[in-house]
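So the structure is just underneath, and the comments pick up after that.
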Amino acid sequence: MGGPLAGLKVVELAGLAPAPFGCMVLADLGADVVRVDRVSGGLEVPGDVLGRGRRSIGVDIRRPEGAELVLKLVERSDVLVEGFRPGVTERLGIGPAQCLARNQRLVYGRMTGWGQDGPLADRAGHDINYIALAGALEPIGRAGQPPTVPLNVIGDFGGGGLLLALGVLAALYERERSGRGQVVDAAMVDGAALLTTFLHGMKAAGAWGGERGTNLLDGGAPFYDVYATADGKFVSIGALEEKFYADLLALLGLADSDVPNRHDPAQWPALRARIAEAVATRTRDEWAALAEGSDACLAPVLAPDEAPAHPHNRARGTFVEVGGLAQPGPAPRFDRTPAGAPSVPPSAGHHTNEVLASLGLGEADIAELRRSGVVG
């Protein structure tokens, strides 16, 4: 693969969701990522695409011989990424101190939910728990209803894996000046909180004071919401600015003089009813076609399996096909060093011999490690 990170060597200790996503981003952009899987076959993840673009080596890292192989990989790598609970890799002999002793330029990326310290650091949790504590879950949802679970994109991926990748790259940039690596403590609760920065600013300015579902950007404003169409599907409307709102009214066949004042929240229910009535007269795709070429800020709400076929996404190559499966492609774009096409996720241990040979081990050594169960 090409890409701006070509030549960067990453060791990934196999895990679930956020850390693999962060490593997928690095691999998409050209990094050579070697995933250390379990000897017994690795983690079973149905439909997993986060493992694309890797090489995989099966190692029993619970054994000293397996830990030593990881340290040998570390000696020749730029980055190590792990997503275990705090203290696990230290007990295995592959924690930050052990790894940095072998390679002082190593960037050691750690991905957890609660972080490496704090009262909750050792507790179990999942995306929904982390975003709840970060204050990112409570504002999401309709008025009078419980918070809406926003999939696991805020904690696991946006505030987790993507923040991890950013932290790794920042540490690599700093290494160019200092010549030294460091530990990156990426926590989903921190990342989810960071994603709410704009919301905190709006609250401080008095622009976000009501309960969930009654504010400008949470579905409370009728000109920033989703509406059902004649075929039971939906369109999104985001006509915040005056000129875009005027285009929206024209598209819907509504005259500004005949609709309630959008600047008066007390009139929002009546305005919502007028917009809903208009939208319900056509199908989703009819509205999408009518909105082409306008600034009405109206777009169809597409299902994940519909998105790859949209003309805009096709034109940009937003989605790619990897192993016969359509999935989001590498992002962002680079004009001089574009990312290559991702390769299919490897089976656990598929590249064990190849990676061990690159460490200088001979066939007899590799055969002995296999016989003893250290690698697979």
field: Positions within region 69-123 being of a type in the set (Lys, Arg) and open to solvent by less than 50 Å² (accessible area, probe 1.4 Å), in sequence order
entry: Arg110
query: Just a yes or no: is a residue in region 147-168 open to solvent by 50 Å² or more (accessible area, probe 1.4 Å), at pLDDT 95 or above and among the aromatic types (Phe, Trp, Tyr)?
result: no
message: Considering only residues that are closer than 21 Å to Gln116 by Cβ and more than 18 Å from the chain's Cα centre (by Cα), which ones fall in region 179-198?
response: Arg180, Gly181, Gln182, Val183
statement: Within region 199-232, restricting to residues that are under 27 Å from the mean Cα position of the chain (by Cα) and surrounded by fewer than 17 Cβ atoms within 10 Å (Cβ to Cβ), the one that is nearest to Ala307 (Cα to Cα) is Val226
query: If you go through region 238-268 one residue at a time, how many are touching a residue at least 24 places away in the same chain (Cβ under 8 Å), on the phi < 0 side of the Ramachandran plot and over 33 Å from the mean Cα position of the chain (by Cα)?
result: 9
- prompt: Looking at region 332-374, which of the residues that are outside any loop (DSSP other than H, G, I, E, B) and β-branched (Val, Ile, Thr) is surrounded by the fewest Cβ atoms within 10 Å (Cβ to Cβ)?
  reply: Ile366
- prompt: Given the structure, is Thr196 open to solvent by 40 Å² or more (accessible area, probe 1.4 Å) and touching a residue at least 12 places away in the same chain (Cβ under 8 Å)?
  reply: no
query: In region 95-112, what residues are touching a residue at least 60 places away in the same chain (Cβ under 8 Å) and of a type in the set (A, V, I, L, M, F, W, C)?
result: Leu100, Leu106, Val107, Met111
- prompt: Among the helices (runs of 4 or more DSSP H) confined wholly to region 260-318, which include 3 or more residues that are at pLDDT 95 or above, within 17 Å of Lys233 (Cα to Cα) and open to solvent by less than 90 Å² (accessible area, probe 1.4 Å)?
  reply: 268-279, 284-291
message: Looking only at residues that are small (Gly, Ala, Ser) and open to solvent by 70 Å² or more (accessible area, probe 1.4 Å) in region 236-258, which one is modelled with the lowest pLDDT?
response: Ser257
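The values are calculated or read from the model by the stated rules, or taken from the named source; none is laboratory data. Fair warning: this is a prediction, and the values are worked out from it, not measured in the lab. Cβ coordinates were reconstructed from backbone atoms using ideal geometry, including for glycine residues, and neighbour counts include every protein chain displayed. Accessible surface areas use protein heavy atoms only, side chains included; no ligands, DNA or RNA. Shrake-Rupley method; radii C 1.70, N 1.55, O 1.52, S 1.80 Å.
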